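The structure appears right after this line, and notes come after that.
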Amino acid sequence: MSRVRLSVGIVALVATIGVSGCQNGVRAGSKCRTTDFGADATYVLKCTKGRWVRVATKAQVAQLIVAILQARTTTSTTVAAPPAGVTLTGVVKVSLGSFHSCALMVAGTVTCWGRGNLLGTGSTQDSSVAVAVPGIVGATGIAAGTLHSCAIVALGAVKCWGANSSGQLGTGTATNIELTPVSVTGLTGAVAIAAGSLHTCALLSTGGAKCWGSNNYGQLGDGTTTQRNSPVSVTAFPNSDRITVGAYHSCARSILGAIWCWGGNNAGQLGTGNRIDSLVPLVSLGSVGDVSSGDQHTCALTSGAAVECWGFNHLGQVGNGTTTDALSHVAVAGLTAVTKVAAGAGHTCAVQSSGTIKCWGGNFAGRLGNGTTTDSLTPVAVSNITTAASIDLGTEHSCAVLANATVMCWGFNIEGRLGNGTTASASVPTPVLTS
């Protein structure tokens, strides 16, 4: 997701929402040629291959303006790199936002790196290496959204920090940015957490789910489009063991293995065969082992350790060799023995049982990790990784946890979101460091 300069106008704002695939509206070989409000003044439209595609509402753009302005109220600078070789170890899981990254540590703590006022440290200073988030102990889960993050702590309570323009921190209000973790109102028993652009969802020990934040398209699943500043229950929700959210939609895997999705569906990201939004969960796909929601596409690990994806496909992130949106699930070619799948804004990656990783889609700043910046409509191998355990994707960067509990990241690195002690982008994996 690009850094917003309000002077560049709506192109940069749509890029910041994370659905245009453009960096400040311009990138080499981009399919994004122009962006405008178009003939339909209700929506922000993007011209792709000669056709207008709805990517956001004007209300969503306004929400993002507020969030980004709140997140930039204080000037920040990047800290100096630590001595070479100080590698972050003891990592259980990583979760990536648009401008920052966070890791759940084996000790039950959380570390983050990238844009300063999103790191939860109480400071606004950027960090190009991992720094501890104070006040987080006994953590069992972590989720980074576009401009906010949340962690599950003792007794299944949740603490969040960062931007809160749409109530995505769940504190009962929708004002200001929180530089340190704050408690989500009235929430206990959380066992999994997922954060999107402007909303957050938690899976509960009961098998149900609660969500909070923006609800323009029904992404909270409570049967309304009303913004919620505190958690509300997802209605008609089956007992589930996995939850994931995109920019304006949410999905969960039931304990029987079916995928249920709800919210925005303009690109087919719900996988229901149409573009009709849903305010309540609908069955998308049966018998899956993993599921991940990108901004406007979704991917699942299916029987036989294969991957199927659906939704927005302007950069080939669905992986079927085309750039045509997929309203129903389509198979990703060239993958075998997949164990994990992760969807970002315009790219997707899968971990294979061999410990290798393959990625596909947009390759701005090298986020596919194959040493190039060339987009790929089908999977390509990530360089120099043979022991990957898991992976997560941001808007323009990627990170993998290795079998030795270290982290490698690659892609766009403004404000230090790769955590490698620099702000230089990397088209091949680099190790995350700590001070």
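The values are calculated or read from the model by the stated rules, or taken from the named source; none is laboratory data. Being a predicted model, the structure only gives us computed values, none of them experimental. Here Cβ is always computed from backbone atoms with ideal geometry, including for glycine, and neighbour counts include all displayed protein chains.
For the range 322-391, give me every one of the strands (runs of 3 or more DSSP E) that falls completely inside it and has 1 or more residues that are in contact with a Phe, Trp or Tyr (Cβ under 6 Å, 6 or more places away or on another chain) and farther than 18 Å from V291 by Cα.
Details: elements: 326-331, 338-343, 347-352, 357-361, 376-381.
By residue number, 376-381.
Tell me which residues, restricted to the range 104-118, are crowded, with 24+ Cβ neighbours inside 10 Å and either in contact with a His (Cβ under 9 Å, 6 or more places away or on another chain) or within 15 Å of P134 (Cβ to Cβ) (or both). Lay out the reasoning, then the answer.
So the first thing to find is which residues in the range 104-118 are crowded, with 24+ Cβ neighbours inside 10 Å, and the list is 104, 110-118.
Passing the criteria: V110, T111, C112, W113, G114, R115, G116, N117, L118.
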* **Criterion violated by S165 - all others in (1) in contact with a helix residue (DSSP H, G or I) (Cβ under 6 Å, 6 or more places away or on another chain); (2) without any contact (Cβ under 8 Å) to a residue 60 or more places away in the chain satisfied** => (2)
* Residue by residue through the range 309-341, note down the ones that are modelled with pLDDT of 95 or more, closer than 23 Å to V94 by Cα and surrounded by fewer than 24 Cβ atoms within 10 Å (Cβ to Cβ). => V338, T339, K340
* To do: Evaluate the range 147-156: report whether one residue or more is more than 15 Å from the chain's Cα centre (by Cα), buried (at least 24 other Cβ atoms within 10 Å of the Cβ), hydrophobic (A, V, I, L, M, F, W, C) and more than 21 Å from V232 (Cβ to Cβ).
  => no
* How many residues are out of contact with any Phe, Trp or Tyr (no Cβ under 8 Å at 6 or more places or on another chain) and either at pLDDT 95 or above or not aliphatic (A, V, I, L, M) (or both) if we restrict to the range 231-252? -> 10
* Looking only at the range 257-281, and only at residues there that are in contact with a Gly (Cβ under 9 Å, 6 or more places away or on another chain) and among the aliphatic types (A, V, I, L, M), the one that is farthest from Q227 (Cα to Cα) -> A258
* What single numbered condition from (1) touching a residue at least 60 places away in the same chain (Cβ under 8 Å); (2) under 15 Å from the mean Cα position of the chain (by Cα) fails to hold for G411? -> (1)
* To do: Go through the range 239-275 residue by residue and tally those that are assigned to a loop (DSSP other than H, G, I, E, B) and either within 21 Å of the chain's Cα centre (by Cα) or under 23 Å from S166 (Cβ atoms) (or both).
  => 11
* Hits in the range 396-418 - residues which are part of a loop (DSSP other than H, G, I, E, B) and closer than 16 Å to G97 by Cβ -> E396, F412, N413, R417, L418
* Asked: Of the residues that make up the range 215-223, is at least one of a type outside the set (G, A, S), in a strand (DSSP E or B) and either out of contact with any helix residue (DSSP H, G or I) (no Cβ under 6 Å at 6 or more places or on another chain) or surrounded by 17 or more Cβ atoms within 10 Å (Cβ to Cβ) (or both)?
  -> no
